[in-house]
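No value in this document is a laboratory result; all are computed from the given coordinates. Bear in mind the structure is a predicted one, so any value in this text is a computation, not a measurement. Reconstructed Cβ throughout: ideal geometry from the backbone, glycine too, with neighbour counts over all protein chains shown.
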Amino acid sequence: MEIIKHPNSIKRYRLRFYPRPLTQAELGKLVGVHRNRISLYEIGAVFPSGQMLYRIGIALNVPTEILYKDFCDKERQRIMELKREMKLFGTNNIFK
């Protein structure tokens with residue numbers, strides 16, 4: 001599985017949290033998941049559900065739409081990369 005390497009809005013807002021940055025463990029506790037799950041969201045290995053994005057947005061005091069847009073953009077990028085890879089191997093006809 002390829003991991004998207006650019007910064008993620010969850011991490012960006014988690015580290016800007018006032019009065020001090022939150023750790024992954026602290027954010028995980030606020031939203032009801034293990035810190036490892038927060039890490040997977042931040043590196044783009046796993047995409048959170050809409051409900052989880054809502055809970056993260058509430059915990060970080062960030063509009064859910066901002067988090068949702070970030071993940072949609074990453075998913076669109078991932079699909080485009082997959083299409084390019086499939087084209088290299090001559091298997092792009094499944095997307096037509």
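When the chain is treated as a GNM with alpha-carbon contacts under 10 Å, the residue of L82, L60, L22 showing the greatest mean-square fluctuation is L82.
Summed over qualifying helices (DSSP H, 4 residues or more, each -39500 (n - 2.57)) and divided by its residue number, the chain shows a 222 nm mean residue ellipticity of -19500 deg cm²/dmol. Of the trypsin sites (Lys or Arg not before Pro) found in region 1-72, the ones in coil according to DSSP and having at most 16 other Cβ atoms within 10 Å of their Cβ are K5, R16.
Using the Karplus relation 6.51 cos²θ - 1.76 cosθ + 1.60 with θ = phi - 60°, the per-residue 3J(HN,Hα) values for region 63-71 come to x, 4, 4, 5, 5, 4, 4, 4, 6 Hz, with x marking Gly and Pro. A Cβ-based charge dipole, computed about the Cα centre of region 9-95 with Lys and Arg at +1 and Asp and Glu at -1, lands at about 180 debye. In order along region 42-51, the Karplus-derived 3J(HN,Hα) couplings, from 6.51 cos²θ - 1.76 cosθ + 1.60 at θ = phi - 60°, round to 5, 8, x, 6, 9, 9, x, 5, x, 5 Hz, and Gly and Pro are given as x.
When the chain is treated as a GNM with alpha-carbon contacts under 10 Å, the residue of Y68, Y54, Y18 showing the greatest mean-square fluctuation is Y18. Solvent-free Debye calculation, one equal scatterer per alpha-carbon of the chain: log10 I(q)/I(0) at 0.11, 0.22, 0.23 Å⁻¹ equals -0.37, -1.07, -1.15. Listed values for region 29-34 are Karplus-derived 3J(HN,Hα) couplings in whole Hz (6.51 cos²θ - 1.76 cosθ + 1.60, θ = phi - 60°), namely 5, 5, 9, x, 9, 6, and x replaces Gly and Pro.
Normalised by the number of residues in region 9-95, the mean separation of alpha-carbon contacts (under 8 Å, six or more apart) gives a relative contact order of 23 percent.
Taking amide H positions as modeled 1.01 Å from N, with prolines and chain starts lacking one, no residue 5 or more places away or on another chain lies under 5 Å from G44.
Are there GluC sites (Glu not before Pro) in region 1-81 that DSSP puts in a loop and that have at most 12 other Cβ atoms within 10 Å, and which ones? Sites meeting the loop and neighbour criteria: E2.
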